[in-house]
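The values are calculated or read from the model by the stated rules, or taken from the named source; none is laboratory data. The structure presented is a predicted model; accordingly, all values stated were derived computationally and were not measured. So basically every Cβ, Gly included, is an ideal-geometry build from the backbone, and we count neighbours across all protein chains shown. Areas reflect the complete protein model, heavy atoms only, side chains present, ligands, DNA and RNA absent. Shrake-Rupley method; radii C 1.70, N 1.55, O 1.52, S 1.80 Å.
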Amino acid sequence: GAGVSQSPRYKVAKRGQDVALRCDPISGHVSLFWYQQALGQGPEFLTYFQNEAQLDKSGLPSDRFFAERPEGSVSTLKIQRTQQEDSAVYLCASSLFPRAASGRTGELFFGEGSRLTVL
Amino acid sequence: AQSVTQLDSQVPVFEEAPVELRCNYSSSVSVYLFWYVQYPNQGLQLLLKYLSGSTLVKGINGFEAEFNKSQTSFHLRKPSVHISDTAEYFCAVSELYNQGGKLIFGQGTELSVKP
């Protein structure tokens, strides 16, 4: 498709379950970001990929969170043993520009997000 | 560490009135600045950006913003709003030479345009 696609759009999990959220970025986009957006808040950075390399994972809140982009296109964010505080919208964004382009890497195309509710 | 403060969480305004959404940032180094808009049930969309050069930048849908380095502000303005401008607006900053262009977002301002 023409835009960033995320699935599932909605996910309800019981506390302790594992979840996997998928992001299909715009074809050819080098950079891929995951953000977490809690209710009423702005997006918060989780992790960054340049092609298949995960160059920054400083925003991942705990070791229960894991992200991968094995072939430099589709990415998966996995959350193990979900907790109620993990409830949020998880946003994926991609950019044509690599890290070296610095400011232009901030020109992001966002997906509609995956809303995770942990009961 | 960087931070972004959007001074108004909600801004109600009548159609065709002017509007200003305020954004202040804090950073120890030079930054790039962005405004993103999120329409209901849609993903965030880039509205405009300041990378360098003229401090007055124009974006889509008639919006503009002015970078003020001394006041560390990047306020968003539109001279006449439409009902269709109703959305959540996010100011964001990234540091020059930041590894990966990570954006730090403000908490958002909900613009509500009334007829």
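List of remarks:
- Whichever residue in the range A:30-82 is assigned to a strand (DSSP E or B), within 14 Å of chain B (Cβ to nearest Cβ) and open to solvent by 30 Å² or more (accessible area, probe 1.4 Å) and, among such residues, is nearest to A:V118 (Cα to Cα): A:Q36
- Summed over the range B:49-83, the residues that are more than 13 Å from B:E20 (Cβ to Cβ), touching a residue at least 24 places away in the same chain (Cβ under 8 Å) and open to solvent by 60 Å² or more (accessible area, probe 1.4 Å) give a count of 4.
Quick grid of which residues meet (1) among the β-branched types (V, I, T); (2) under 25 Å from B:G108 (Cβ atoms):
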residue: A:V4; (1), (2): yes, yes
residue: A:Q50; (1), (2): no, no
residue: A:V89; (1), (2): yes, yes
residue: A:C92; (1), (2): no, yes
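- Among the residues of the range A:83-103, not a single one is under 26 Å from B:F34 (Cα atoms), at pLDDT below 95, open to solvent by 60 Å² or more (accessible area, probe 1.4 Å) and part of a strand (DSSP E or B).
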